[in-house]
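Trainee: The structure that follows is given in the form of structure tokens.
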Amino acid sequence: MIATVIAITALALHVAGVFAAMHAVMHTRTAQGAFAWVLGLVLLPYVTLVPYLFLGSSHFGGYVDLHRQRQSRFFVLHEEAAQSTWLGTLAHSEPVRDARYDAIGRMLKTAMHGGNALSLHVDGEAAFTAMFEAIARAERYVLVQFFIIHDDVLGRRLRDALLERAAAGVEVCLLYDSVGSHALPDAYVDRLRDGGVRVRRFATRRWRNRFQLNFRNHRKVLVIDGVRGFVGGLNAGDEYLGAKPPLSPWRDTHMQIEGPAVADLQRAFAEDWYWVTGERPPHAPPPERCGRAASMIVATGPADRQESCSLFFTQAIHAATKRVWITTPYFVPDQAVFGALRLAVFRGVDVRILIPSRPDHRTVFMASTLYAHEAIVAGIRMFRYQPGFVHQKVMLIDDDTAVVGSMNLDNRSFRLNFEIAALNVDQAFAADVEAMLEADFARSDEVNPNDYRRLSYFRRVALHVARLFDPIL
């Protein structure tokens, strides 16, 4: 009897594995990912079937269509409200044309706006000091979005700052990711709600995809009164201030924008908020002109019709004629981005990539080590930051373009996460980023091919095994 039950169970698992494999063939975005899932689901359904429920689908059930429908509805409401309020003030503020990045704007249905004032905030203390000062000056509303919020010293400083503004009559909206902030206690959220803060968690899970955990909102956005905005790599937790060994000191970068581009930063938040609540958050006209920089807000995600984050990096790298300097905590590029980097080398471009010397995720670190070796062979200079963990997501192109945001060079950012960055064309701001990265490279060790060759054979095998997990890293 027991043997019969076991046999029936095994047969049922194999049948389920075959159907899941058919689903993987139809819906997994890359051929490599589909092939890996099919092998596992057909041959070892006992091991792979449950993980596939959580990680395998490249689309949320019903989410993409519903997101696009709600997004279209949001734009209609947005236009109706804007006609009588602030869009008219921008009507004579024509978008800035830059042929190098026009394709990005067309892909994302966004534009580059001139007249922005930019500030670079190096590391958490400087960034959060500026953000808390901006929140304290808010008069109408505060829009806040983080991937991770912890109930620790920094997280409570954020909570108290938002409660203070809410008590002063300022409308406060807080959005956090349900996976990234899974450890955030209910008491933290209840305290905010009781104090008048509109707080919601972002989740792509609905009844048809209730098992889906693989899609996350990785954006970090702060908008104050429509006047100034912040974007970058920092989350709200003590580790981002370097307060948690062994990864400290924590190296990260955020930036502040004042000017017309804040409207697009605000719109990106509004789309996410509308998906969760069905309501528009507050909005106000941004300043017409605060500086001389041109900025494009690049918001990407798995609901886009194109693999927009990967294509963004590809186009930006192709635009370089002199240099491409990138710093990323996770270097697991897809073929399009890796090919763009290698072609840049053949064009004579100075291509440098800064990655951590300490791992926060062991499998990703191992895969990055293998890609770093292959990059060196292709002529790309790789550096490992020595003082602590480097988490910043920054790209410097030639002498005038700098990108600061939440995007990593890995498949998760390319295809699974909602991401955001500011692409800025301004020589003064680019010079600030250049000085910052030169200081980072000075604190780094350059990787050479011998580092890989010195590894034992079994260690090298482990690196190649780690790379097999590319589709979900």
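FYI, it's all coordinate maths here, none of it is from the lab. Just so it is clear, the model here is predicted, and its values are computed rather than measured. A quick note on method: Cβ atoms are made from the backbone with ideal geometry, for glycine too, and the neighbour counts reach across all protein chains shown.
Trainee: For a quick size check, give me the Cα extents of the range 279-394 along its three principal axes, largest first, whole Å.
Mentor: 49, 34, 33
Trainee: Sort the range 117-264 into rounded, prolate or oblate with this rule: let a ≥ b ≥ c be the square roots of the eigenvalues of the Cα gyration tensor; rounded if a/c is under 1.5, and if a/c is not under 1.5, prolate when a/b is larger than b/c, oblate otherwise.
Mentor: Rounded, because the longest to shortest axis ratio a/c is under 1.5.
Trainee: Can you say what percent of the DSSP beta bridges in the chain, counting only those with both residues inside, are antiparallel? Round to 5.
Mentor: Close to 65 percent.
Trainee: Using the beta-carbon distance between Leu343 and Glu139 and R0 = 60 Å, what value does 1/(1 + (r/R0)^6) give for FRET efficiency, to the nearest 0.05?
Mentor: 0.75
Trainee: Considering Cα pairs under 8 angstrom that are at least six residues apart, work out the relative contact order of the range 220-354 and quote it in whole percent. Provide the component values of the computation, followed by the final result.
Mentor: Details: 159 pairs, mean separation 24.5, N = 135.
Dividing the mean separation by the residue count of the range 220-354 yields 18 percent.
Trainee: Could you calculate the FRET efficiency of Gln306 with Ala99 from 1/(1 + (r/R0)^6), where r is the beta carbon distance between them and R0 is 22 Å, rounded to 0.05?
Mentor: Working: r = 20 Å, r/R0 = 0.90.
Using R0 = 22 Å, I get an efficiency of 0.65.
Trainee: Between Leu11 and Thr129, what is the label-to-label distance in nm when each label sits 7 Å out along the Cα-to-Cβ direction?
Mentor: 7.1
Trainee: Sticking with this one: Which values, in whole Å and largest first, are the semi-axes of the equivalent ellipsoid of the chain obtained as the square root of 5 times each eigenvalue of the Cα gyration tensor?
Mentor: So the equivalent ellipsoid measures 35, 29, 22 Å along its semi-axes.
Trainee: What percent do you get for the relative contact order of the range 315-384 when only Cα pairs under 8 Å and 6+ apart count?
Mentor: Computed over the range 315-384, the figure is 38 percent.
Trainee: How high is the relative contact order of the chain, given as a whole-number percent (alpha carbon pairs under 8 Å, six or more residues apart)?
Mentor: Across the chain, relative contact order equals 17 percent.
Trainee: Divide by every residue of the chain the summed helix terms, -39500 (n - 2.57) for each DSSP H run of at least 4, and state the resulting mean residue ellipticity at 222 nm, rounded to the nearest 500 deg cm²/dmol.
Mentor: Per the formula, -14000 deg cm²/dmol.
Trainee: Please find the FRET efficiency linking Asp160 to Asp360, where r is the Cβ-Cβ separation and R0 is fixed at 30 Å, and quote it to the nearest 0.05.
Mentor: Working: r = 28 Å, r/R0 = 0.93.
Computed FRET efficiency for Asp160 and Asp360: 0.60.
Trainee: Please give the contour-minus-distance gain from Ala167 to Phe19: 0.36 nm per residue of separation, less the Cα-Cα distance, rounded to one decimal in nm.
Mentor: 47.8 nm
Trainee: Moving on. Measuring from the lowest to the highest alpha carbon on each principal axis, how far does the range 308-472 reach, largest first, in angstroms?
Mentor: Result, largest extent first: 48, 33, 31 Å.
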